[in-house]
Amino acid sequence: MGKFYLTTAIDYVNAPPHLGHAYEKVCADVINRYQKMKGNDTFFCTGVDEHSLNVYRQAKAKNISPKQYCDGMVPAFKQAWESLNIKYDRFIRTTDNDHILSVKKLLQKIYDSGDIYKDKYQGWYCVSCEAYLQESDLVEGKCPVHNRKAEWLEEDNYFFRLSRYSEKILEHINEHADFVTPEIRKNEIVNIIKSGLQDISISRASEGWGIELPFDPGQTIYVWIDALTNYISAAGFSADDLKFGKLWPADLHIIGKDITRFHCIIWPAMLLSAGIKLPLRVYAHGFMTLEGKKMSKTDNNFVDPKNIVETAGSDAARYFIIREMPYADDMDFTWDRFWLRYNTHLANDLGNLSSRILSMAEKYCKNLIPAFGKEQDKDNGFQKTAFERTDNYQRLMDDCQLSSALASAWELVTFANKYIEVNQPWKLYKTGQQEKLDSVLRNLLEGLKVISVLLYPFIPVASEKILRSIGVEKDMEAGSFPETKIWGSLPEGSKIHKSGILFPRKEKD
């Protein structure tokens, strides 16, 4: 059994989560469940970023402390992820004591290496991004992501010698092909580095909210330096050397494409400076948009994941946002597309398939799992197709191409539905061909098992219902993936329990 440590970006608490945030967390949960199915010992961390200027200003406007403000916002994130059936191992807050110790320990290491110095900062800052911007980044004086005017700052700050690490990061990227994925993001990062890296400000004049610099308590650590450190904090960097030795380096950081510069340039440089191993891979996904614009609470342009879950269930929400999002591109959300996917794929394709197979087994096989008939009937192309789709699925899942992996699994759903129409079990029953009928239904039941295992990371509730109905009681997160390569493992003669309607058809709301 190997280890697999994965993280998501941590979210600002200045507004409740929306579907854009949910996509990333569902991605991580899908990967986490899949890795467990492969037999790996996983650790999945997500959380929130609290030391932002936005938080400080909003708390001040409400006449409460920033910590009180954050304490009031955190439950919304935890409840959102719980509603989407997301199971993390650590929900980290940047106000957690072990994280604060980690940040100070890391900054002290970088300072001791000679990579931090004091100087005057003059430049633009986007409060929504919590990021410093170059003049060339602005569009008519506005942040290109949030379309809001940037603020001009002039302060005495501490700087990190990022420019010192250009060649080392390029060398690492060239030697580790999967360090930045997809390829388009890797090329962007390489171009940024080749254009020349500048040293960056890593502190702000203290406003009473943030982590103090260990070597200058009069300054607070810049929020992005603070936030990035959460990945090693959760792994035990400051509190548990044994845990840190086991978990680090992270196997996968899952982030949005807008923050690759922080994760693929600044973060690696910080780790190199401190003498800490780099994460193995950073996967940068696209945006989930609404009417062509990035979802944003600030701009009142968002979909609340709670609305989808309350209307159609967590499986439907998970299925849609993974299936619709291409590997490297953006996806524009519409309710029309959501209901089309729900009724066509979930209600008709999968729900109807499961119901038909179980109903035919009840009617034609006394509600028991039948034996295979003649040896030539055992496969009939089904086993070969199932194994081919499984191999393709595994390759795509290992490469974080989740939408394509889900589509590959769905090809087996389509094949099973066609298999029913070609073999027409009802005719075999009427003509007394019981041995052939038993083989057809056994193939369908074995295929339904493989389908359910492949779909488990995406739609765990429905998958477990199907598996239990055909007598598979195994914990799916305990190395169950090999089940997909065993044709004939269902216990002959065991009773089938119908699972009920998995996805009732719904009219568009």
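The values are calculated or read from the model by the stated rules, or taken from the named source; none is laboratory data. Note that the structure is predicted; figures quoted are calculated from it, not measured. FYI the Cβ positions are ideal-geometry reconstructions off the backbone, even for glycines, and counts take in every protein chain you see.
Here Ile232 meets each of (1) within 26 Å of the chain's Cα centre (by Cα); (2) more than 13 Å from Leu107 (Cβ to Cβ) with one exception, condition (2).
Quick grid of which residues meet (1) aliphatic (A, V, I, L, M); (2) buried (at least 16 other Cβ atoms within 10 Å of the Cβ); (3) under 22 Å from the mean Cα position of the chain (by Cα); (4) not assigned by TED's automatic domain parsing to the domain that holds Lys168:
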position	(1), (2), (3), (4)
Arg261	no, yes, yes, no
Met270	yes, yes, no, no
Leu278	yes, yes, yes, no
Ile308	yes, yes, yes, no
Met325	yes, yes, yes, yes
Leu350	yes, yes, no, yes
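Across the stretch 453-494, what is the total count of residues that are over 20 Å from Leu350 (Cβ atoms) and either buried (at least 20 other Cβ atoms within 10 Å of the Cβ) or among the aromatic types (Phe, Trp, Tyr) (or both)? Count: 1. Selection of first residues in the stretch 33-53 that are at positive phi and part of a loop (DSSP other than H, G, I, E, B) and of second residues that are modelled with pLDDT under 95 and surrounded by fewer than 23 Cβ atoms within 10 Å (Cβ to Cβ), restricted to Cβ pairs under 6 Å at least 6 apart or on distinct chains, gives the following pairs, ordered by first then second residue: Gly39/Met1; Gly39/Gly479.
Restricting attention to the stretch 204-214, does a residue exist that is assigned to a helix (DSSP H, G or I) and touching a residue at least 40 places away in the same chain (Cβ under 8 Å)? There is no residue in the stretch 204-214 that is assigned to a helix (DSSP H, G or I) and touching a residue at least 40 places away in the same chain (Cβ under 8 Å). For Tyr165, are the conditions met, namely being in contact with a helix residue (DSSP H, G or I) (Cβ under 6 Å, 6 or more places away or on another chain), outside any strand (DSSP E or B) and among the aromatic types (Phe, Trp, Tyr)? Answer is yes for this residue. Here the condition is being among the charged types (D, E, K, R) and at pLDDT 90 or above; of Glu171, Glu151, it holds for Glu171 alone. Of all residues in the stretch 149-176, none satisfies the criterion of being in contact (Cβ under 8 Å) with a residue 60 or more places away in the chain and under 18 Å from Asn54 (Cβ atoms). Taking the stated definitions as given, is Leu153 aliphatic (A, V, I, L, M), over 30 Å from Met288 (Cβ atoms) and assigned to a helix (DSSP H, G or I)? No: the conditions fail for Leu153.
Counting only residues that are assigned to a loop (DSSP other than H, G, I, E, B) and either of a type in the set (Val, Ile, Thr) or within 24 Å of Ser52 (Cα to Cα) (or both), the stretch 225-280 holds 7 of them.
Exactly one residue out of Val103, Val48, Val74 is among the β-branched types (Val, Ile, Thr), touching a strand residue (DSSP E or B) at 6+ places or on another chain (Cβ under 8 Å) and surrounded by fewer than 20 Cβ atoms within 10 Å (Cβ to Cβ): that is Val74. The residue list Ala250, Ala239, Ala269, Ala274 contains one member that is touching a residue at least 24 places away in the same chain (Cβ under 8 Å) and touching a Lys or Arg at 6+ places or on another chain (Cβ under 7 Å), which is Ala274. Scan the stretch 293-326 for residues that are in contact with a strand residue (DSSP E or B) (Cβ under 6 Å, 6 or more places away or on another chain) and more than 20 Å from Pro16 (Cβ to Cβ) and the total you get is 2.
Consider Thr8 carefully, then state whether it is among the hydroxyl-bearing types (Ser, Thr, Tyr) and touching a Ser or Thr at 6+ places or on another chain (Cβ under 6 Å).
Judged against the criteria, Thr8 is a match.
Total residues in the stretch 431-452 satisfying the condition of being surrounded by 24 or more Cβ atoms within 10 Å (Cβ to Cβ) and either at positive phi or free of Cβ contacts under 8 Å to residues at least 24 places away in the same chain (or both): the figure is 1.
Can you confirm whether Tyr125 is crowded, with 17+ Cβ neighbours inside 10 Å, among the aromatic types (Phe, Trp, Tyr), more than 14 Å from the chain's Cα centre (by Cα) and outside any loop (DSSP other than H, G, I, E, B)? Judged against the criteria, Tyr125 is a match. Note on the stretch 467-484: among residues that are of a type in the set (Val, Ile, Thr) and in a loop (DSSP other than H, G, I, E, B), the one that is nearest to Leu502 (Cα to Cα) is Ile470.
Tallying residues that are at positive phi and either out of contact with any helix residue (DSSP H, G or I) (no Cβ under 9 Å at 6 or more places or on another chain) or in the same structural domain as Asp29 (by TED's automatic domain parsing) (or both) within the stretch 489-509 yields 1.
Just to be sure, is Ala59 surrounded by 18 or more Cβ atoms within 10 Å (Cβ to Cβ) and not charged (D, E, K, R)? So Ala59 passes the test.
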